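A short worksheet on the structure shown next.
Read-outs throughout are calculated quantities, based only on the coordinates presented, and are distinct from any laboratory measurement. Note that the structure is a prediction, hence the values are computed from the model and not measured. Here the Cβ positions follow ideal geometry from the backbone for every residue, glycine too, while neighbour counts run over all protein chains shown.
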Amino acid sequence: MIPRISFGEAQECFQRDYFDLDLPVIITDFTQGWAANSKWTMGYLLEKFHDKPQLVEKTWFVMDNTFLCEDYTTPPFIQNIQDRRDISRPKHDMRVWANANQHTTPFHYDGHQQYVFNVQVRGKKSWTLLDPQSYIQYYTCSNFPLERYNHLSPDQLAAEDITAYTFDLHAGEMLFIPAFWAHKVCASGEENVNLNWIGSKVHTSANPQQAREHEILKMLLILHKFKPFRPLIDRYVGIESDGYLESYAGLGLDFVKQVTQKISHRTALIRLFQEIRTLSQVRRDYPKLKAYEKAPLQQIQQAVG
Ligand SMILES: O=C(O)CCC(=O)C(=O)O
């Protein structure tokens, strides 16, 4: 079970007992006094984001901590974490999700070893988190577990040696998702909005998912020495990012070299073959995985009519 703690308790123990240990937790009463609680309707967000195409990502909006900041409060214990020297934050270090009723985000963990502070502002979302100590199969060099997992219950996942936690996140609650914890999320209610702060930790806890990601990075680092491979890395592993390795976790090549220095060339080669083995499954399942992707503005437009 994912523990729930009060906002008051969180100020005392969140960083020490959860954030630093990479353990998920839900903090209740997180949004008391926020204007966003009543203001952030689908219509309001549509209006705020519609002339800002640079803030519209695949299925969410991105922003920095000045945009719409009059509508919410960043508690000091969260700000202190975001300002830590061992935390790297992207330029747009906040996200907003505004999803239609029944929208499901399939299992994935966030790239660049990112953690998320996920606040449910309106509506309710049903979450399933996968413990990264489990044996989970992913598609080639990706952070998307096999599509069929999306259709299994926690008991069925347990039969495949995967520990899954399911719970509802209600308006006013904040969920901490540590790096490498894969999650599936289903929205309910006519108005459904969540707000995220994100960042990457320099040191994340060891687990099989982290080990795999670092082995993939080692393999890419070797290929990166050969110039013709660089656009392929950006396109297929970085999902069309420019300079995936150069910008990894906002820390770049030196960081990638540091986390992969103990990984041998042999291990990287074995990883390459293990990853290639899922290529045929990628070809088969990719269209199903992509089906959930609908630009957020389009989603909202359909929802508000
Ligand atoms: O709310 C959602 O549908 C997805 C949220 C998510 O994947 C995230 O915060 O990383």
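Given Cβ point charges of +1 (Lys, Arg) and -1 (Asp, Glu) and nothing else, what value in debye, to the nearest 20, does the dipole of the chain about its Cα centre take? Provide the component values of the computation, followed by the final result.
Values: 33 positive and 35 negative charges, 240 e Å.
Charge dipole, the chain, about its Cα centre: 1160 debye, nearest 20.
For Val304 and Leu251, compute 0.36 nm times the residue count separating them, minus their Cα-Cα distance, and round to one decimal in nm. Mind dumping the intermediate values first?
Details: separation 53, 0.36 × 53 = 19.08 nm, distance 3.98 nm.
Additional length available on full extension: 15.1 nm.
What are the aspartates and glutamates whose alpha-carbon lies under 17 Å from the alpha-carbon of Lys227, with same-chain residues fewer than 8 places away excluded?
Reachable aspartates and glutamates: Glu240, Asp242, Glu246.
How many angstrom lie between the C-alpha centres of the range 1-37 and the range 121-168?
The distance from the Cα centre of the range 1-37 to that of the range 121-168 comes to 22 Å.
Distance from the Cα centre of the range 198-235 to that of the range 58-119, in angstrom?
Cα centroid to Cα centroid, the span is 22 Å.
With the contact rule set at Cα under 8 Å and sequence spacing of 6 or more, what percent relative contact order holds for the chain?
On the way: 538 pairs, mean separation 79.5, N = 305.
It comes to 26 percent, rounded to a whole number.
Order the peptides 1-8, 198-205 from the highest to the lowest mean number of other Cβ atoms within 10 Å of their residues.
The packing order, highest mean first, is 198-205, 1-8.
With charges set only on the Cβ (+1 for Lys and Arg, -1 for Asp and Glu), what does the dipole of the range 208-287 come to about its Cα centre, in debye to the nearest 20?
Value, rounded to 20: 400 debye.
Arrange the peptides 289-295, 14-20 so that the one whose residues have, on average, the most other Cβ atoms within 10 Å appears first.
14-20, 289-295
7 Å from Cα along Cα→Cβ at both Lys290 and Lys91: what's the point-to-point distance in nm?
Going from the Lys290 label point to the Lys91 one covers 2.7 nm.
Let me check I've understood the local charge: for Val202, count other residues with C-beta under 11 angstrom from its C-beta, Lys and Arg +1, Asp and Glu -1. What total comes out?
For residues surrounding Val202, the net value is +2.
Calculate the FRET efficiency for Thr267 and Gln102 from the Cβ-Cβ distance with a Förster distance of 45 Å, rounded to the nearest 0.05. Don't skip to the answer; put the middle values down first.
On the way: r = 42 Å, r/R0 = 0.94.
Efficiency for this residue pair is about 0.60.
How charged is the neighbourhood of Tyr44? Take every other residue with its Cβ under 15 Å from the Cβ of Tyr44, and add Lys/Arg as +1 and Asp/Glu as -1.
The answer is -2.
Take Thr66 and Leu21, extend 7 Å from each Cα along the Cα→Cβ direction, and tell me the distance between the two endpoints in nm.
With each label point 7 Å from Cα toward Cβ, the separation is 3.9 nm.
Taking every DSSP beta bridge with both residues inside the chain, roughly what % is antiparallel (nearest 5)?
Once the DSSP bridges in the chain are tallied, antiparallel ones form about 95 percent.
Give me, ordered by chain and number, the residues 5 or more places off Glu57 or on other chains with an amide H under 5 Å from its own placed amide H.
Val62
From the helices alone, meaning DSSP H stretches of at least four residues, give me the mean residue ellipticity at 222 nm for the chain, per-run term -39500 (n - 2.57), in deg cm²/dmol to the nearest 500.
-8500 deg cm²/dmol
Out of residues 5 or more away from Lys124 or on other chains, whose amide H comes under 5 Å of its own, with H placed 1.01 Å from N in the peptide plane?
Ser188
If the chain between Tyr135 and Ser38 were fully stretched, how many nm would it gain, using 0.36 nm times the residue separation less the Cα-Cα distance? Provide the component values of the computation, followed by the final result.
On the way: separation 97, 0.36 × 97 = 34.92 nm, distance 4.17 nm.
Result: 30.8 nm gained on full extension.
Which one of Val237, Gly199, His224 is farthest out on the positive end of the charge dipole of the range 148-305, using unit charges on Cβ (Lys, Arg +1; Asp, Glu -1) and the Cα centre as origin?
Result: His224.
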